[in-house]
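Below you'll find the structure, written out as structure tokens, and then a few comments.
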Amino acid sequence: MKNLAQTNYSSALDTVKNLKAKYGNSWNAIRPESAARMATQNRFKTGLDIAKYTAGIMREDMAAYDADHSNYTQSLGCWHGFVAQQKMIAVKKHHKTTSKRYLYLSGWMVAALRSEFGPLPDQSMHEKTAVPNLIAEIYDFLRQADAIELNDLFKRLENGEDVQDLIDNYETHIVPIIADIDAGFGNEEATYLLTKKMIEAGACAIQIENQVSDAKQCGHQDGKVTVPHEDFIAKLNAIRYAFLELGVDDGVIVARTDSEGAGLTQKLPVSQEPGDLASQYLAFVEAEAIDITEAKEDDVLLKRDGKLVRPVRLANGLYKFKEGSNIDRVVLDCITSLQNGADLLWIETPTPNVKQIAHMVNRVKAVVPNAKLVYNNSPSFNWTLNFRNQAYEAMLAEGEDVTAYDKNNLMAAEYDATPLCLRADQNIKTFQKDGARDAGIFHHLITLPTYHTTALHMNDLTKGYFGEDGMLAYVKGVQRQEIRKGVSCVKHQRMAGSDLGDDHKTFFAGDKALKAGGENNTSNQFESKTNATKPELVLDK
């Protein structure tokens, strides 16, 4: 992962030297060393470069997971390029490598935070262009993080430090992004066109769900309507064709099924022969046996097991699925998707329960042994209450005394330090490892973490700043923490590219360059050596 083929300093240096020789004196002001440095700091020239590179990473990670289920991957949802950038900078700082850490682009957050219509519910009402635009924005910020960090390394090299190996084996902030295309924003041609834009922006993995596009609902809301398998397969094909057209041969398709919580269908597919996909889909539709004489004018009728039946149809024209058929529909959806071009699965569940997820995945694995899941560790779940309920039931089944707990009030803070709640917290802590090992979960993500952290942090800062603490609320709760924890954007001018720009100006204008850095730059106040007692606290390496 560390050695990137796109551009290396030596080859870029040779290229510019040859160009200088070719074009003669008019290029005298161009320093090959500076041009090569800039090229090295921008190793990915296009979104397609990124998509091809990151698709390879995902394929390697998928193979590693197949070999050992402890090799699961993770991501957090990001709604702005800066959020994604700071996440990956923190990943490199705290974990020393970006390996197996991805990004997630949530359609929910695009709708809620990035639409020109203003905040919207997760119902595919936002502009299609908002999705590829956010992908491109995210990768612009990650490329800038590369440029800033590499620029620092080159400056250290110029000052005599032996950092050539760090430059030659530099690990980029560019990582795979799993991008949500909702239900495809229209028919399969619309899905194909939008997929191309998303790939061109840098997406190597497209996640699509089997809901009706014009009636799409958030996976954790009611009123979901699914489509027949043939319709969904057409969209899987559209995505694959888009990948192939653009040369992203390893592109990844994540097929999401909402059937666990969906009780409605808009269409009744046409069966060509008994037992085909359409027939299996129709078998899940709730229907009542009738005699032909009981049929009303314009009724829709089916022949099922030699009898005439009338599908249960709602006033809005939608058809109901049989009660209790949801898990069987999930399993059929998953198997069908994997057999028709999907690489990974996504099953929306009502609660985060490893045993329940494993029950479905194991049924899929009986047909497709290497089936793997992308799982939404959703903020829509009440994790505390769910796992306290699971711990309560487990303790009860094991014969432990649970009389000290009110089953209807397990969220109470008074229980926080009790054995039941400590057990629940431990299970939350190991949920991802347990799910990867026992339930086929290759990738764990949280869809909306930065939506919630932004709201939480603004709540805390606002309470103090507009209260008695005044400016101390910001200094103590934000800036002092940034300084002591070595958060890169404490020097926000540098993070926005000011130092990088100064160096570029020097390349372009030499000694005549008007630079932002210098004695009067207030960012120098953050160079205090008292904060450098530990390596991780040095702000400007």
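Looking only at residues in segment 284-316 that are open to solvent by less than 100 Å² (accessible area, probe 1.4 Å) and within 35 Å of the chain's Cα centre (by Cα), which one is farthest from W346 (Cα to Cα)?
Top of the filtered list is V285.
Here is a check on your reading of the model: is V270 at pLDDT 90 or above, open to solvent by 70 Å² or more (accessible area, probe 1.4 Å), part of a loop (DSSP other than H, G, I, E, B) and over 17 Å from D328 (Cβ atoms)?
So V270 fits the description; yes.
Here are some conditions: (1) closer than 18 Å to A84 by Cα; (2) touching a residue at least 60 places away in the same chain (Cβ under 8 Å). N169 meets all but one. Which one does it not meet?
(1)
Within the group I167, I174, which residue is β-branched (V, I, T), surrounded by fewer than 18 Cβ atoms within 10 Å (Cβ to Cβ) and either part of a loop (DSSP other than H, G, I, E, B) or at pLDDT below 95 (or both)?
I167
Just the residues that are of a type outside the set (V, I, T), farther than 23 Å from C204 by Cα and in contact with a helix residue (DSSP H, G or I) (Cβ under 6 Å, 6 or more places away or on another chain), please, taken from segment 123-164.
N151, L153, F154
Quick one: F466 ticks every box in (1) at pLDDT below 70; (2) of a type in the set (F, W, Y); (3) out of contact with any helix residue (DSSP H, G or I) (no Cβ under 8 Å at 6 or more places or on another chain) except a single one, so which number is it?
F466 satisfies every listed condition except (1).
So, of the residues in segment 355-396 that are in contact with a Lys or Arg (Cβ under 7 Å, 6 or more places away or on another chain) and open to solvent by less than 10 Å² (accessible area, probe 1.4 Å), which turns out to be farthest from Q426 (Cα to Cα)?
A371
Looking at segment 394-417, I want the residues that are closer than 21 Å to V354 by Cβ and have a partner that is assigned to a loop (DSSP other than H, G, I, E, B) with Cβ atoms under 7 Å, at least 6 apart or on another chain. Which pairs are those?
Short answer, once both residue conditions are applied: M395/V402; L396/V402.
Matching residues to (1) under 14 Å from T172 (Cβ atoms); (2) aromatic (F, W, Y); (3) without any contact (Cβ under 8 Å) to a residue 12 or more places away in the chain:
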| site | (1), (2), (3) |
| --- | --- |
| A63 | no, no, yes |
| H69 | no, no, no |
| Q86 | no, no, no |
| Y104 | no, yes, no |
| V110 | no, no, no |
| H126 | no, no, no |
| V131 | no, no, no |
| I138 | yes, no, no |
| L142 | yes, no, no |
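What helices (runs of 4 or more DSSP H), lying completely within segment 1-112, carry at least 2 residues that are basic (K, R), modelled with pLDDT of 90 or more and more than 18 Å from I135 (Cβ to Cβ)? First the steps, then the outcome.
Details: elements: 9-23, 32-40, 47-67, 81-95.
Output list reads 9-23, 81-95.
Can D460 be described as in a helix (DSSP H, G or I), touching a residue at least 12 places away in the same chain (Cβ under 8 Å) and over 23 Å from the mean Cα position of the chain (by Cα)?
Taking the combined requirement at face value, the residue satisfies it.
The values are calculated or read from the model by the stated rules, or taken from the named source; none is laboratory data. Predicted model only: the values in this text are computed from it and were never measured. So basically every Cβ, Gly included, is an ideal-geometry build from the backbone, and we count neighbours across all protein chains shown. Areas reflect the complete protein model, heavy atoms only, side chains present, ligands, DNA and RNA absent. Shrake-Rupley method; radii C 1.70, N 1.55, O 1.52, S 1.80 Å.
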